[in-house]
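K.L.:
Could you have a look at this structure, given as structure tokens, before my questions?
The values are calculated or read from the model by the stated rules, or taken from the named source; none is laboratory data. Remember, it's a predicted structure, so these values are computed and weren't measured experimentally. With ideal geometry, Cβ positions are generated from the backbone for all residues, glycine too; neighbour counts draw on all protein chains shown. Surface areas here come from the heavy atoms of the whole protein model, side chains and all, with no ligands, DNA or RNA. Shrake-Rupley method; radii C 1.70, N 1.55, O 1.52, S 1.80 Å.
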Amino acid sequence: MQPKGRLPTGYAMKTTETDAHLARIYYDVLLDHAHLSPGAPIRYKELLDRAKRAHPLDDTVQSAIPVSMGRRLDVIARFVRTHGLPPLTCLAVNDQQYPGAGYTAAHGSWEKDMEAVAVNDWSGWKGQWHEHIEAISRAAVPRKRRKEDAARLLMHQAYVDGTVPKMDPGPREQLVALLMDGMGVDEAMAELAEGSSSEREKDR
């Protein structure tokens, strides 16, 4: 059992309760997909849509956006690497049907990784996974969620102060969602920039 107040080895202290909560849900969706469609990938958008359909009353899930998915999948990736398990997150792919820029095959090729995920007996790891997530949740950086009006006001104030530039509707709404999640303006802008950079890298 992980000592209270300490993250599992390899985690930065910026990992949040929201990261842990969504990682738990994405893990279940990925396992269901691996069981129902062995050896097949699932797009990020479909992964998010399935999570939302499975948890219609969960505000955290319903407000989740694709730009933040990488950090939640990383919680899963670290768990499977630590325990020598197949890379479950290799199933999650972009619109070009390939994993993100940081992906490296563990079994020689992406196809072999997906096969390894499909044949692995994941049932025996349920307890360890839950302990892992609980440890992260206990040690995670606490955040107080904002209402949408408060998030939009904060964004407007940051725009007036020159902290936030003029933005297209898509990124602007993503920024609002991140601020509602409890991020500060600087952290939310860095998250958007990282997400945009990752998307450009994936699409090459």
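K.L.:
Go ahead and estimate [θ] at 222 nm for the chain from helices alone: -39,500 (n - 2.57) per DSSP H run with n ≥ 4, summed, over the residue count, rounded to 500.
P.N.:
Result for the chain, helices only: -18000 deg cm²/dmol.
K.L.:
Using 1/(1 + (r/R0)^6) with R0 = 35 angstrom and r between the beta carbons of Y98 and H156, what's the FRET efficiency to the nearest 0.05?
P.N.:
0.40
K.L.:
HN-Hα J couplings of the stretch 80-85 from phi, Karplus 6.51/-1.76/1.60, θ = phi - 60°, integer Hz, Gly and Pro as x?
P.N.:
5, 5, 4, 9, x, 8
K.L.:
Highest first, please rank the peptides 33-43, 17-27 by the mean number of other Cβ atoms sitting within 10 Å of their residues. Walk me through the numbers before you get to the answer.
P.N.:
Numbers: 33-43: 15.1, 17-27: 22.4.
Top of the packing list down: 17-27, 33-43.
K.L.:
Here's another thing I want to ask about it. In sequence order, what are the phi-derived ³J(HN,Hα) couplings for the stretch 150-165 according to the Karplus relation 6.51 cos²θ - 1.76 cosθ + 1.60 with θ = phi - 60°, rounded to whole Hz, with x for glycine and proline?
P.N.:
Along the stretch 150-165, the couplings run 5, 5, 5, 5, 4, 5, 4, 4, 5, 5, 5, 6, x, 6, 10, x Hz.
K.L.:
In addition: Looking only at the stretch 82-123, which residues have a backbone nitrogen under 19 Å from a spot 7 Å from the Cα of D32 in the C-beta direction?
P.N.:
Under 19 Å, as judged by backbone N against the label point of D32, lie 88-93, 118, 122-123 of the stretch 82-123.
K.L.:
Counting only residues 5 or more places away or on other chains, whose amide H sits under 5 Å from the amide H of V93 once H atoms are built in the peptide plane?
P.N.:
I42, R43, Y44
K.L.:
Okay, moving on. Given a Förster distance of 41 Å, report the FRET efficiency between E131 and R172 from their Cβ-Cβ distance, rounded to the nearest 0.05.
P.N.:
Values: r = 39 Å, r/R0 = 0.95.
Given R0 = 41 Å and the Cβ-Cβ separation, E is 0.55.
K.L.:
Using a Cα-Cα cut-off of under 14 Å, which aspartates and glutamates could be cross-linked to K45, ignoring same-chain neighbours fewer than 8 residues away?
P.N.:
D95, E199
K.L.:
If you take the Cα Rg of the stretch 134-185 and divide it by 2.2 N^0.38 Å, with N the number of residues, what do you get? Write down the numbers at each step before the final one.
P.N.:
Details: Rg = 12.9 Å, N = 52, 2.2 N^0.38 = 9.9 Å.
That works out to 1.30 for the stretch 134-185.
K.L.:
Between A40 and S63, what is the label-to-label distance in nm when each label sits 7 Å out along the Cα-to-Cβ direction?
P.N.:
Between A40 and S63, the simple spin-label model gives 3.4 nm.
K.L.:
Shifting gears a bit: For the chain, find the longest principal axis of its Cα atoms and tell me its angle to the long axis of helix 44-54, 0 to 90°, nearest 10.
P.N.:
Between the helix axis and the principal axis of the chain, the angle is about 90 degrees.
K.L.:
Percentage of Cα-Cα pair distances in the chain greater than 22 Å, rounded to whole percent?
P.N.:
Working: 10570 of 20706 pairs.
Within the chain, distances greater than 22 Å cover 51 percent of Cα pairs.
K.L.:
For the full complex of protein chains and a 1.4 angstrom probe, list R172, R143 by accessible area with the highest value first. Please report the intermediate quantities before stating the final value.
P.N.:
Numbers: R172 85, R143 55 Å².
Sorted descending by solvent-accessible area, the residues read R172, R143.
K.L.:
Students often forget the sequence filter, so: which aspartates and glutamates lie under 14 Å Cα-Cα from K147 once same-chain residues fewer than 8 apart are removed?
P.N.:
Counting by Cα, and skipping residues close in sequence, K147 has these aspartates and glutamates nearby: D59, E173, D181.
K.L.:
Considering the options L31, T89, V185, tell which one lies farthest towards the positive end of the dipole of the chain, charges being +1 on Lys and Arg and -1 on Asp and Glu at the Cβ, about the Cα centre.
P.N.:
V185
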